[in-house]
Amino acid sequence: MQSVYLAGFDVFRRDAVAHGERLKSLCAAQGLRGIYPLDDAPPGDVSDLASWICQSNLQKIRNADAVLANLDCFRGSEPDSGTVFEIGYATALGKPVWAYFSDQRPLIEQLDTDGDGYCRQGYQVEDFALPKNLMLACSWAGASKSAQEGLVALAGLLRSELNMPELAEESSAAENGGPSRT
């Protein structure tokens with residue numbers, strides 16, 4: 001069974017563990033095994049918990065076949081920086097990444113800008129008609145508005161990579177029009 005690392009700031013939710021279980025159930029419904037960052041508890045004798053968490057999540061990404069990443073805005077107008085790092089790491093390993101986030105409008109439309117395309121802090125906002133920074137949008141396999149839509153599409157992508165057209169067709173039919181791709 002193929003596996004998907006579930007990246008995102010969801011680990012900071014009050015119901016983080018329960019939310020992870022919901023995401024893993026969505027994976028199972030697509031014939032995938034979800035790998036959530038909080039699946040493993042740190043050993044009791046960890047002297048550097050931050051380092052342990054980092055290495056544990058990097059190993060989970062190495063073990064996964066793909067990554068599903070929550071790129072909704074977190075603590076501001078950008079995605080969680082840890083999630084962005086995980087996307088870069090997965091991309092460097094050659095693993096497909098599927099992003100999901102609710103606001104699919106071009107980035108320039110999501111932010112307050114002056115008439116010249118500069119934000120309130122005085123920085124130019126890129127205008128490539130992409131919903132996120134070009135380094136993310138040009139490296140993901142696709143993007144959807146929800147985790148569920150993303151998992152349907154990602155399952156189809158993984159099946160097609162395995163040369164299993166009959167399963168990819170079933171997944172495509174289940175999409176009912178499919179997710180928004182950028």
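The values are calculated or read from the model by the stated rules, or taken from the named source; none is laboratory data. None of these values were measured; they are calculated from a predicted model. Neighbour counts run over all protein chains shown; Cβ positions are idealised from the backbone, glycine included. When the accessible area is computed, the model is the full protein with side chains, heavy atoms only, and any ligands, DNA or RNA have been set aside. Shrake-Rupley method; radii C 1.70, N 1.55, O 1.52, S 1.80 Å.
Quick test for you: out of Tyr100, Tyr89, pick the one residue that is more than 11 Å from the chain's Cα centre (by Cα), under 22 Å from Leu157 (Cα atoms) and aromatic (Phe, Trp, Tyr).
Residue meeting the stated conditions: Tyr89.
Could you list, in sequence order, all residues of the stretch 106-148 that are under 28 Å from Lys24 (Cα atoms) and part of a loop (DSSP other than H, G, I, E, B)?
Within the stretch 106-148, Pro131, Lys132, Asn133, Cys138, Ser139, Trp140, Ala141, Lys145, Ser146 qualify.
Every residue in the stretch 1-12 that is closer than 18 Å to Ala90 by Cβ and either assigned to a helix (DSSP H, G or I) or among the aromatic types (Phe, Trp, Tyr) (or both), please.
Correct list: Tyr5, Phe9, Asp10, Val11.
Let me confirm something: among Asp103, Asp127, which residue is among the acidic types (Asp, Glu), touching a residue at least 12 places away in the same chain (Cβ under 8 Å), touching a helix residue (DSSP H, G or I) at 6+ places or on another chain (Cβ under 9 Å) and over 29 Å from Tyr5 (Cβ atoms)?
Asp127
Report yes if some residue within the stretch 110-127 is more than 15 Å from the chain's Cα centre (by Cα), surrounded by 12 or more Cβ atoms within 10 Å (Cβ to Cβ), closer than 18 Å to Asp80 by Cβ and not aromatic (Phe, Trp, Tyr); otherwise report no.
Checked the stretch 110-127: at least one residue is more than 15 Å from the chain's Cα centre (by Cα), surrounded by 12 or more Cβ atoms within 10 Å (Cβ to Cβ), closer than 18 Å to Asp80 by Cβ and not aromatic (Phe, Trp, Tyr).
Here are Val11, Val17: which of them is open to solvent by 10 Å² or more (accessible area, probe 1.4 Å), under 14 Å from the mean Cα position of the chain (by Cα), farther than 24 Å from Glu161 by Cα and of a type in the set (Val, Ile, Thr)?
Matching residue, one of Val11, Val17: Val11.
Which residues, counting only those in the stretch 136-145, are open to solvent by 40 Å² or more (accessible area, probe 1.4 Å) and touching a residue at least 12 places away in the same chain (Cβ under 8 Å)?
Ser139, Lys145, listed by residue number.
Out of the residues in the stretch 70-109 that are in contact with a Lys or Arg (Cβ under 9 Å, 6 or more places away or on another chain) and among the aromatic types (Phe, Trp, Tyr), which is most open to solvent (accessible area, probe 1.4 Å)?
Here the answer is Tyr89.
Taking Leu32 and the conditions (1) surrounded by fewer than 21 Cβ atoms within 10 Å (Cβ to Cβ); (2) over 23 Å from Leu136 (Cα atoms), which numbered condition does it fall short on, given that it satisfies the others?
Only one criterion is unmet by Leu32, namely (1).
Going through the stretch 42-67 one residue at a time, which ones are charged (D, E, K, R) and either without any contact (Cβ under 8 Å) to a residue 24 or more places away in the chain or within 12 Å of Glu86 (Cβ to Cβ) (or both)?
Asp45, Asp48, Lys60, Arg62
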